[in-house]
Amino acid sequence: MGALNTFPVSLKVQNRRIVIVGGGDEALNKARLAVKTSADVVIVTRAVEVDFSGLPVTLIARAFDVLDLEGAAMVFVADHGPDGAAAKIAARQAGVPLNVVDVPHECDFFTPAIIDRAPLSIAISSEGDAPVLARLVRAKIEALLSPNLGPLAKLAGSLRERVSAILPEGPRRRRYYEELVTSPAVESALDLGVSDAWREAVGLLDRHAAADDEAGIVWLIGAGPGAEDLLTLRAQRLLQQADVIVHDQLVPDAVVEMGRRDAERVKVGKAKGHHSFTQAQINALLVRLAREGKKVARLKSGDPMIFGRAGEEIAALRKADIAYAIVPGITSALAAAADSATPVTLRKVASGFVVATAHGADNAELQHWVTLARQGITLGLYMGKSIAADIAGKLIKAGLEANTPVGVVVNAGRADKQLYAGSLEDLRLDTFELVEGPAIILIGEAVSRGDWADAVPLVEQQVRVA
Ligand code: SAH
């Protein structure tokens, strides 16, 4: 991704002039844009070739004069003769921002494609590279936006002082505005007229003022295995509402970025070997933020309820009497199943699916898994990558057949996923090299029914499973 060479701003032009030098179609196009503003639009040309009469512009039919730029906020040069040349020099001397139509390298600024819902505007710019693309994007956005947005923005503007007097700055005020601009009641009142809408908006304000809205909430949100589009719609919506996003190391930046731009973000570490926050500190942080009245998105990889320490966090929230809600996510074992097309339960082959953590498993647990696996239960092991060989050896020792099919998915659910297939014995031999990243180990007959065709063999002498 390259850097922008222009910086989008909204330039004040009220009570100033926008000067257009030229009298042809190009000048007319710029005039049409300029008259969307309240600026004085002045056209200077010796050759009026098109009809400007339908536009609220001042037409000065003479040669360009340096004085024409007095008080100008910007100047467009759409004249290829001496007037244009003179205007360019004058603009540069006076420091008036200059746009030379269709000559990007001479321009100080470009005109974006504009969506006009005054006072709201959306500008789409391609820095002069692809105006057609910019217009296509504009058409799409136009179709999305209600024509009432302008009046709605005006309404919000006219309520500002009142809102400031009643609601304290911060989350409560922001929530009011959020509801104001998305309220169907306000939208339909706008159709009736400004005063109806005003009444509706003030009613809403009173309700917000009366509501005991100080209490925060914590949403424990599953971010899924990593790809942004494996997030649920609910997770995405709540991320947009959150004042603070508290996230684990494993949650990719792209997902964390989906929150509001001004939301505070706290990375609480917990990647293997980097415990920058203890669990107790995280619990305390969640409680403190919610007590401050904040909406907190506690973003965890996969599903929050599976090896996500959700239990401790929920207990802390309940103890502190703080509202919470849980938003499920796609857990990595199921992402691994999807990546390898492995039906982890399968009629006559696998009657169940167990997720377990390999980390810290003792002999009794291992024995238990072996019993389950031998009865046709597929195992999905988390947190076992670095001890995979050891675990495999112990499972074999505890009675699981060495040729039991095994699959490993590293970076499941992500673009850089990597599949490995073989047998339990292969896993024990530990001669393969797994790429960097979190991994799920699937064990059981069902693995052999998956599609691991492109998988990297665990070892050369792998048992064919496809
Ligand atoms: N709550 C998470 C699990 C967190 S524990 C979930 O539901 O997925 C961390 C372990 O999850 C890692 O050691 C690894 O085993 C697994 N894991 C997390 N993301 C993964 C991914 N994208 N691919 C494979 N395994 C993953």
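No value in this document is a laboratory result; all are computed from the given coordinates. Everything numeric here is computed off the predicted structure, so don't read it as measured data. Virtual Cβ from ideal backbone geometry, glycine too; neighbours counted across all protein chains shown.
Counting DSSP beta bridges in the chain, what percent are antiparallel, to the nearest 5?
Working: 22 of 65 bridges.
Percent antiparallel among DSSP bridges in the chain is about 35.
Which of rounded, prolate, oblate describes segment 327-378, given a ≥ b ≥ c as roots of the alpha-carbon gyration tensor eigenvalues and a/c under 1.5 marking rounded, otherwise prolate only if a/b is larger than b/c? Cα axes put segment 327-378 in the oblate bin. Rounded, prolate or oblate: which fits segment 1-64, taking a ≥ b ≥ c as square roots of the Cα gyration tensor eigenvalues, rounded meaning a/c under 1.5, else prolate when a/b beats b/c? It is prolate, given that a/c is not under 1.5 and a/b is the larger ratio.
Let me have the 222 nm mean residue ellipticity of the chain computed from DSSP H runs of 4+ only, each contributing -39500 (n - 2.57), with the sum over all residues rounded to the nearest 500. Write down the numbers at each step before the final one.
Working: 16 runs with 164 residues, N = 466.
Calculated from helices alone, the mean residue ellipticity at 222 nm is -10500 deg cm²/dmol.
With only Cα atoms counted, segment 214-256 has Rg and Dmax values of 10.5, 34 Å. Working ranking of peptides 13-20, 156-163, 140-147 by packing, defined as the average number of other Cβ atoms within 10 Å per residue, highest first, is 13-20, 156-163, 140-147.
Stick to Cα atoms and the Kirkwood definition of Rh, then tell me Rg/Rh for the chain.
1.15
Charges were assigned to the Cβ only: +1 to each Lys and Arg, -1 to each Asp and Glu. The resulting dipole of segment 149-210 about its Cα centre is roughly 260 debye. Scoring 87-93, 242-248 by mean Cβ neighbours within 10 Å over their residues and listing the highest first yields 242-248, 87-93.
Simple rule: put +1 on each Lys or Arg Cβ and -1 on each Asp or Glu Cβ in segment 284-438, find the dipole, and look at Ala297, Val344, Thr378; the Cα lying farthest toward the positive end is Ala297.
In order along segment 341-348, the phi-based Karplus estimate (6.51 cos²θ - 1.76 cosθ + 1.60, θ = phi - 60°) of 3J(HN,Hα) comes to 6, 9, x, 5, 10, 7, 3, 6 Hz; Gly and Pro are listed as x. Protection proxy ranking for 96-108, 378-390, 45-57, 280-292, using the average of other Cβ atoms within 10 Å per residue and placing the highest first: 378-390, 280-292, 96-108, 45-57.
Which shape class, rounded, prolate or oblate, goes with segment 217-330 when its Cα gyration tensor gives a ≥ b ≥ c as root eigenvalues, a/c under 1.5 marks rounded, and past that a/b bigger than b/c marks prolate?
Details: a/c = 1.40, a/b = 1.17, b/c = 1.20.
Taking the square roots of the gyration eigenvalues as a ≥ b ≥ c, segment 217-330 is rounded.
Charge dipole (Cα centre; +1 on Lys/Arg Cβ, -1 on Asp/Glu Cβ; no other charges) of segment 217-330 amounts to roughly 260 debye.
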